[in-house]
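Each reported figure results from applying straightforward, stated rules to the coordinates on display, with no laboratory input. In this text the structure is predicted, and so the values were computed from the model without any measurement. Cβ: placed from backbone, ideal geometry, glycine included. Neighbour counts: every protein chain shown.
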Amino acid sequence: MNKSIAGVEFIVGIPSLMEADTISFVTKKVDQGLTKYFSDLKCLIVNVDNNSRDDTKGAFLSTKTKTQKHYISTPEGVKGKGNNFLNLYKFAKNHIKTLKGGVVIDADLRSITPEWIKYLGEPILKGYDYTLPLYSRHQFDGTITNHICYPIFYGLLGEDIRQPIGGEFGFSPSLIKHWLNQKWNSSAKQYGVDIFMTLHAIFGNFRICEVGLGAKIHKASAPKLGPMFTQVITTLFEILLSQEPCWINIPVIKPKNKERFGLEKLEQPQELKIDMLELKEKLRKEYFLRQKLLKRILSDYASSSLIKMFEQDIYNIDILMWTQLVYQLLFSYKNGSQHVRKDIIEALKPLYFTRSVTFNYQTWRYNAKYVEEAILEQAKAFAAQKPYYLGLHVNELKKKAAECKAD
């Protein structure tokens, strides 16, 4: 261990991939926050990088700070946000005897203030294990969260956690050790890491709170067909189903709000635009690639409804239909082979984009407050439809019983 960084008590990790243009700004704000609010602790800023070729390392290390800095990189050719986090947590574990907590901040942020470090870090020092962010975000931003992750947490787990894959969070030393003791599959080492951490924090019964941070202004990701969707949803489904006995019998109740710190009032979100024509072209292409599989998995009603939408080029997956589609694919994933499971995740993509298009048409005139209310209503629908998921189990048992009787 480097003797100059021995005795570290508080760490801020900045994961990065090709962020030379933004990491210096983020590092300065992190340093200001640590200097102002955690001056009584020995702090360290750690850039965990994916061997960026744009000299992210140079931009980070050359930034003038009062807080000591340290750079860690994955080997050449090894990418993934989760691999960055693994490096951060393994490094932090080496300081576990003195470490009191830490925070992670995305390297592409433009809205970070020194207070973000205070808001995310202080609850950890007061006994919480995991602080998660509350942002004001445009409805075109964070759509995997809005339409899948948040409603599933709310509906199946009874957990009202608005940003389970937010990007900024605080963590305790005990939670680091718990994460490192879990099995990190390939998706968890990539974009699936955020949902991996939140699910394991829940199932490990760690203390979780939420922190108001304001608007998140960054390199926003409107709905897109990249590997992010596949990795996040694969990780979500895998961990959910591995822990099914923990949540399958939880009654449908209104989840309790997490204790909240930080800002009470969040300003207006970052403005975003989306090319709806391009999105429709992509979702149509994805749908027709998976149409046969969807017809085999889904009910006749759901399948015929989708066929009409795509034939007429008019898309309307309402809340009720959306909950049932997600639950049906989750159940099919549970019973599918490894090969079929991959296809099921890909088959969910065009349905997710179709739900996003439906939601965007319905809410594009809404202000941020009403968009949030609409997202909450969707989450409540997932809770109300939990018996539908349970019914799929019952039907499967009856089907197997009938087959045995016939034999």
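Out of every Cα-Cα pair that the range 1-129 contains, those further apart than 26 angstrom amount to 14 percent.
Against the main long axis of the alpha-carbon atoms of the chain, helix 23-37 sits at an angle near 70°.
Taking every alpha-carbon pair in the range 20-85 and binning the separations at 10 Å intervals from zero gives 21, 48, 26, 5 percent. Extension gain, residue 257-residue 363: 0.36 nm per intervening residue step, less the Cα-Cα distance, totals 35.7 nm.
Once the Cα atoms are used to define both axes, helix 300-312 deviates from the longest principal axis of the chain by about 80 degrees. Take the alpha carbon atoms of the range 7-44, find their center, do the same for the range 226-255, and report the distance between the two centers in whole angstrom. Spelled out, the Cα-based centre of one part sits 32 Å from the other. Full extension of the chain between residue 299 and residue 377 gives 25.7 nm of extra length, using 0.36 nm per residue less the Cα-Cα distance. Inter-part distance, the range 346-397 to the range 54-123, computed on C-alpha centroids, equals 34 Å. For the range 321-398, GluC sites (Glu not before Pro) are listed when DSSP marks them as loop and at most 13 other Cβ atoms sit within 10 Å of their Cβ; the list is empty.
Computed about the Cα centre, the dipole magnitude for the chain is approximately 640 debye when only Lys and Arg (+1) and Asp and Glu (-1) carry charge, each at its Cβ.
Phi angles across the range 149-156 convert, under the Karplus curve 6.51 cos²θ - 1.76 cosθ + 1.60 with θ = phi - 60°, into 3J(HN,Hα) values of 5, 4, x, 5, 4, 5, x, 8 Hz, Gly and Pro given as x.
As a rough guide to protection, the peptides 39-48, 187-196 ranked by mean Cβ packing within 10 Å, highest first, stand as 187-196, 39-48. Convex hull volume of the Cα atoms of the range 276-406, normalised per residue: 115 Å³. Each peptide in 31-38, 87-94, 358-365, 162-169 gets a packing score, the mean of other Cβ atoms within 10 Å over its residues, and the list from highest to lowest is 162-169, 31-38, 87-94, 358-365.
How far is helix 114-125 tilted, in degrees, relative to the longest principal axis of the Cα atoms in the chain, given as a value from 0 to 90 rounded to the nearest 10? Once rounded, the angle reads 80 degrees. Computed from phi, the 3J(HN,Hα) profile of the range 363-369 under the Karplus parametrisation 6.51, -1.76, 1.60 (θ = phi - 60°) reads 10, 5, 8, 6, 7, 4, 4 Hz, with x in place of Gly and Pro.
For the range 79-232, what does the alpha-carbon gyration tensor say about shape, rounded, prolate or oblate, given a ≥ b ≥ c as the root eigenvalues, a/c under 1.5 as rounded, and a/b over b/c as prolate? Since a/c stays below 1.5, the shape of the range 79-232 is classed as rounded. The amide H of residue 136, built 1.01 Å from its N in the peptide plane, has 214, 215, 216 as neighbours under 5 Å, considering only residues 5 or more places off or on other chains. Name the most mobile residue of 105, 23, 202, meaning the one with the largest mean-square fluctuation, in a Gaussian network model of the chain with Cα contacts below 10 Å. Comparing 105, 23, 202 in a Gaussian network model of the chain, the most mobile one is 202.
Would you mind telling me which residue in 232, 394, 340 has the biggest mean-square fluctuation in a Gaussian network model of the chain, where springs connect alpha carbons within a distance under 10 angstrom? Comparing 232, 394, 340 in the GNM, the peak value goes to 394. With the convex hull constructed from alpha-carbon coordinates only, the chain shows a mean projected area of 20.9 nm² over all directions. With the helix formula -39500 (n - 2.57) applied to DSSP H stretches of n ≥ 4, the chain reaches a computed 222 nm mean residue ellipticity of -16000 deg cm²/dmol.
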